[in-house]
Amino acid sequence: MANLLRSLIFLMITSVLLTAAKAHGYDLVQLSHIHLGIIVFIYTIFAQAFVMFYFIGVARLVNNINLILHSENNLAELFEEAPEDLSPYQKKVERFVHEADLCKRQTIPWTILMLVLGMIGFLLGAAHDTGMVDKSTHSGVIYGFIVSMGIGFFRQWYYLGKSHKLLRKVKGLFEIPDGQM
């Protein structure tokens, strides 16, 4: 899943840079800058929603496992035969909770910043097209969007790898099948 999400965000950053190149006069595609911007921003929303919910889902899974271990209810969901001493599992899962929360905290704010700046830039582009806003206002917000997207891209790329390894550790510890979350 992490590789699929990495592909989505790589395609996102490439398409945003293609749109910026089209705005600067490079004719790399047949679509106009406006049409390309509409398509790319809708795709950006789609890609960032997937990435955001992946991190939320990983953190939720690990928190649920932690809750099961500490409450000692429904241990059958994790073990075929529950061990007498759960403390080694509890220690490992508490570390996993910390790692999952860290991944979520390091990526979600950049995702939200990208979406907010992209939305404002998109709306200012429409306002510029109708003559209500100067081009420099639209361009400034879009440059901010591109910078936040670049920083967010590298953070998401890194923490997608960390979350993927974390899921492997959790699933290995409790022998959860790969296809199950």
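The values are calculated or read from the model by the stated rules, or taken from the named source; none is laboratory data. Every value quoted in this text rests on a predicted model; they were computed, and no experiment measured them. Note that each Cβ is placed from the backbone with ideal geometry, even for glycine, and that neighbours are counted across all protein chains shown. Please note that ligands, DNA and RNA were not included when accessible areas were found on the heavy atoms of the full protein model with its side chains. Shrake-Rupley method; radii C 1.70, N 1.55, O 1.52, S 1.80 Å.
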In region 87-101, anything farther than 15 Å from LYS171 by Cβ and touching a residue at least 40 places away in the same chain (Cβ under 8 Å) is listed as ASP101
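Would you call LEU113 touching a Phe, Trp or Tyr at 6+ places or on another chain (Cβ under 9 Å) and either touching a residue at least 60 places away in the same chain (Cβ under 8 Å) or closer than 29 Å to VAL16 by Cα (or both)?
Taking the combined requirement at face value, the residue satisfies it.
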Kindly indicate which of ILE45, ILE39 is open to solvent by 90 Å² or more (accessible area, probe 1.4 Å) and either among the hydrophobic types (A, V, I, L, M, F, W, C) or at negative phi (or both). ILE39
Considering only region 122-131, I want to know if a residue exists there that is open to solvent by 30 Å² or more (accessible area, probe 1.4 Å), closer than 19 Å to TYR158 by Cα and in contact with a helix residue (DSSP H, G or I) (Cβ under 7 Å, 6 or more places away or on another chain). no
Contact list please: Cβ distance under 8 Å, first residue in region 6-23 and among the aliphatic types (A, V, I, L, M), second residue not in a helix (DSSP H, G or I), pairs at least six apart or on different chains. LEU18/LEU28; LEU18/VAL29; ALA21/LEU28
Scan of region 9-36 for residues that are among the β-branched types (Val, Ile, Thr), farther than 28 Å from TYR159 by Cβ and open to solvent by 50 Å² or more (accessible area, probe 1.4 Å), ordered by number: ILE34
For region 79-103, give me the residue count where each residue is within 30 Å of ARG155 (Cβ to Cβ) and either in a loop (DSSP other than H, G, I, E, B) or small (Gly, Ala, Ser) (or both). 1
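Criterion first (in contact with a Phe, Trp or Tyr (Cβ under 9 Å, 6 or more places away or on another chain) and either assigned to a helix (DSSP H, G or I) or farther than 25 Å from LEU11 by Cβ (or both)) does MET132 satisfy it?
No: the conditions fail for MET132.
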Among LEU69, LEU36, LEU61, which is the only one that is in contact (Cβ under 8 Å) with a residue 12 or more places away in the chain, farther than 22 Å from LYS169 by Cα and in a helix (DSSP H, G or I)? LEU36
Can you confirm whether region 146-157 contains a residue that is small (Gly, Ala, Ser), more than 30 Å from ALA21 (Cβ to Cβ) and either without any contact (Cβ under 8 Å) to a residue 12 or more places away in the chain or surrounded by fewer than 19 Cβ atoms within 10 Å (Cβ to Cβ) (or both)? no
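Just name the residue that is most open to solvent (accessible area, probe 1.4 Å) out of those in region 48-104 that are among the aromatic types (Phe, Trp, Tyr) and modelled with pLDDT under 90.
TYR89
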